[in-house]
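Student: Sharing a structure, written as structure tokens. Questions coming.
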Amino acid sequence: MEKKDHMIDKLVSLAKRRGFVFPSSEIYGGFAAIYDYGHYGILLKNNIQQAWWKHMVQLRDDVLGLDSAIFMHPKTWVASGHVGGFDDPQVDCRKCKTRMRADHLLEAFDINADKAPIEYINQELDKLKTEGKLKCVNCGSTDLTPAKQFSLMVKSNIGSPTDALTEENVVYLRPETCGGIYLEYKNIVDSLHPKLPFGIAQVGKAFRNEIIARQFIFRTREFEQMEMQYFLHPSQMEESYEMWHQARWNWYLKYGIPEDKLMWHKHDKLAHYASQAYDIEFNFRSLGGFKEVEGIHARGDWDLSQHAKYSGVTLDYYDQEKNERFIPHIMETSVGLNRLVLMFLDNAYTEEEVDGEVRTVLKFDKRLAPIKIAVFPLLKNRPELVEKARGLYEALREDWMTEFDDSGNIGKRYRRQDEIGTPYCITVDFDSLEDDTVTVRDRDTMEQKRIKIDELKTFFTENL
Ligand code: ATP
């Protein structure tokens with residue numbers, strides 16, 4: 001396996017150099033754990049999102065779409081248990097002031113403290129301290145504070161007459177997108193009358209005051225989630241869970257993730273309302289091993305019951321055929337879009353030796369590649385070549401994200417397109433002027449073949 005630090009440095013550097021991902025607010029010295037997506041980053045992110053939407057909504061009869069707002073009534077997060085309960089245990093280094101997640105520190109000693117009470121965490125930390133084993137991950141100091149709970153909720157004063165963030169006027173930026181799905185359950189049932197089981201899917205921003213965020217775009221304070229909540233009768237849970245379990249696993253394989261880089265992680269400790277919880281983990285070369293990318297959880301009727309209780313509005317479902325009224329149970333699939341950007345970059349990153357030189361290439365699944373085709377005139381200073389190449393570029397971009405490039409020599413242009421993962425490069429040369437053929441070069445095999453210009457659309461329709 002590639003050395004972890006090496007690999008993450010290579011990805012961060014390529015992402016910045018080639019315009020995928022930039023650290024936010026860099027000219028002001030940066031803003032921790034927030035990132036911006038450049039031209040190729042947003043194209044890649046959009047393609048991943050569309051691939052998710054296609055399989056979660058477009059190709060299904062039983063899932064509806066939603067785009068709910070980031071801000072919701074503050075009671076939403078009291079009902080869901082996030083206010084006062086969405087905390088992570090934090091430990092500080094007294095020497096270098098680095099903040100650490102106590103559960104992560106314990107994990108390194110094979111102690112599972114995921115969602116454990118703070119008393120248990122401190123007891124385990126104390127044992128390690130006594131043995132002199134507990135050290136700051138940054139400077140190695142043993143002078144660490146006890147763990148304390150730190151709320152992940154991000155606050156705002158939107159709509160408030162004052163700028164003070166007091167308990168009465170505080171509004172939260174949603175820490176997960178599914179809150180909006182529960183709140184719109186009733187409107188969706190009343191307007192579209194879906195029959196159980198059915199799902200509601202949405203993609204959107206979420207915010208968490210993460211304690212540590214040193215893993216590039218794996219864990220950030222502002223991020224996007226793609227979530228689907230599947231509403232069902234409790235008797236349908238087992239079958240539905242099995243179906244989604246399989247569907248989500250297959251989605252990764254469909255988009256080029258090798259099966260041996262994926263793993264199921266079963267949660268031993270379940271939230272009190274959950275009956276089953278599995279994560280899909282991906283083996284990140286850049287993070288040194290398997291890490292969660294997606295959660296698939298059976299959540300019982302807790303969410304709708306809580307919102308019914310706190311809002312005073314009935315959130316049940318009436319099954320006309322069976323004349324039965326009940327609160328639907330929910331199973332969810334929840335995945336981080338930015339985390340998937342890192343996963344696909346990590347999986348695609350390849351270095352190959354070609355003619356004694358290293359070729360860096362992002363071997364994305366073609367459907368995810370930010371740019372599908374690049375068109376080059378062989379020489380920049382020959383107007384007849386430039387004109388023909390530009391005409392071709394303008395025709396192809398009607399159907400595919402296409403780039404025109406006439407800078408530098410052809411070798412450099414190939415290298416640049418390889419580094420952003422473009423599946424096909426077309427060169428318009430002097431023969432093209434005679435016989436209306438062009439060279440099409442394949443990113444992965446580097447093979448070049450001549451194709452007639454009027455056959456290009458068919459070729460790309462079949463191959464992209
Ligand atoms: P973790 O244990 O890593 O903090 P979690 O189990 O709290 O994550 P969930 O609340 O289940 O995560 O969120 C569902 C998905 O949302 C995760 O699998 C992940 O892909 C994504 N996600 C969660 N937090 C972040 C974050 N801070 N940055 C990027 N993606 C995130």
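Student: If packing is taken as the mean number of other Cβ atoms within 10 Å per residue, what is the order of 433-441, 88-96, highest first? If you can, show how the numbers build up before the last one.
Tutor: Details: 433-441: 15.8, 88-96: 18.4.
Packing proxy ranking, top to bottom: 88-96, 433-441.
Student: Apply 1/(1 + (r/R0)^6) to the Cβ-Cβ distance of E26 and V313, taking R0 = 41 Å, and write down the FRET efficiency to the nearest 0.05. Mind dumping the intermediate values first?
Tutor: Details: r = 46 Å, r/R0 = 1.13.
Result of the calculation: an efficiency of 0.35.
Student: Continuing with this model, one more query. Counting C-alpha atoms alone, how compact is segment 87-151: give Rg to one decimal and Dmax as a whole number, in angstrom.
Tutor: My reading of the Cα-based Rg and Dmax gives 10.5, 30 Å.
Student: While we're looking at this one, here's another question. Do you know the relative contact order of the chain, to the nearest whole percent, from alpha carbon pairs under 8 angstrom that are 6+ apart? Mind showing how you got there, number by number?
Tutor: Working: 825 pairs, mean separation 62.6, N = 464.
It rounds to 13 percent for the chain.
Student: Would you list, by chain and number, the lysines whose Cα falls below 22 Å from the Cα of K195, excluding same-chain residues fewer than 8 positions away?
Tutor: Once the sequence-local lysines are set aside, what remains near K195 is K54, K186, K322.
Student: By DSSP, what percent of the beta bridges with both residues in the chain are antiparallel, rounded to the nearest 5? Before the final figure, lay out each step's value.
Tutor: Values: 71 of 82 bridges.
The answer is about 85 percent antiparallel.
Student: What's the ranking of 399-405, 218-224 by average number of surrounding C-beta atoms within 10 Å, highest first?
Tutor: On the way: 399-405: 18.1, 218-224: 20.0.
So the order, starting with the most tightly packed, is 218-224, 399-405.
Student: Rounded to the nearest 0.05, what FRET efficiency do L270 and D67 give with R0 = 41 Å and r taken as the Cβ-Cβ distance? Could you check? Could you put the intermediate results ahead of the total?
Tutor: Values: r = 30 Å, r/R0 = 0.74.
Once the sixth-power term is evaluated, E becomes 0.85.
Student: Considering just Cα atoms, how many Å³ per residue does the convex hull of segment 150-189 enclose?
Tutor: Working: hull volume 3.8 nm³, N = 40.
For segment 150-189, the hull spanned by Cα atoms encloses 95 Å³ per residue.
Student: Give the Kirkwood hydrodynamic radius (Å, one decimal) of segment 1-67, defined as one over the mean of 1/r across all pairs of different Cα atoms. Write out the running numbers ahead of the final one.
Tutor: Details: mean 1/r = 0.0696 Å⁻¹.
Kirkwood hydrodynamic radius for segment 1-67: 14.4 Å.
Student: Taking 1 over the mean of 1/r across every pair of different Cα atoms in segment 265-398, what Kirkwood radius in Å do you get? The partial results should precede the final answer.
Tutor: Working: mean 1/r = 0.0486 Å⁻¹.
Across segment 265-398, the inverse of the average 1/r is 20.6 Å.
Student: Once you treat every alpha carbon in segment 371-463 as an equal point and sum by Debye, what is log10 I(q)/I(0) at q = 0.10 Å⁻¹?
Tutor: Once normalised to I(0) and log-transformed, intensities are -0.21.
Student: For E403, enumerate residues with amide H under 5 Å from its amide H, sequence gap 5+ or separate chain, H modeled in the peptide plane.
Tutor: Correct list: I373, A374, V375.
Student: Could you name the lysines whose alpha carbon sits less than 22 Å from that of K412, not counting residues in the same chain fewer than 8 places away?
Tutor: Those lysines meeting the cut-off are K10, K16, K363, K366, K372, K380, K388, K449.
Student: Stokes-Einstein D for the chain at 37 °C, 0.692 mPa s, Kirkwood Rh over Cα pairs, in µm²/s? It would help to have the intermediate numbers written out before the result.
Tutor: Details: Rh = 25.1 Å.
Approximately 131 µm²/s, per Stokes-Einstein.
Student: If you don't mind, there's one more thing I want to ask. Could you sort 77-87, 152-162, 201-211 so that the peptide with the highest average Cβ count within 10 Å comes first and the rest follow in order?
Tutor: On the way: 77-87: 17.2, 152-162: 13.2, 201-211: 19.8.
Highest-to-lowest ranking by the protection proxy: 201-211, 77-87, 152-162.
Student: Counting only residues 5 or more places away or on other chains, whose amide H sits under 5 Å from the amide H of L134 once H atoms are built in the peptide plane?
Tutor: It is K129, by chain and number.
Student: So which DSSP H runs in the chain come out at 15 Å plus along the axis (Cα) with average Kyte-Doolittle of at least -1.0?
Tutor: Numbers: long enough: 4-17 (19 Å, -0.51); 39-53 (21 Å, -0.41); 118-130 (18 Å, -0.82); 178-192 (19 Å, 0.31); 237-254 (25 Å, -1.43); 337-348 (16 Å, 0.91); 383-396 (19 Å, -0.21); 410-420 (16 Å, -1.87).
Answer set is 4-17, 39-53, 118-130, 178-192, 337-348, 383-396.
Student: Identify unpaired cysteines across the chain, taking unpaired to mean no other cysteine Cβ lies under 4.7 Å from the residue's Cβ.
Tutor: That list is C178, C425.
Here, each number is a calculation from the coordinates, and none is a lab measurement. Owing to the predicted nature of the structure, the values given are computational and were not obtained by experimental measurement. All Cβ positions, even for glycine, are placed from backbone atoms using ideal geometry, and neighbour counts span all protein chains on display.
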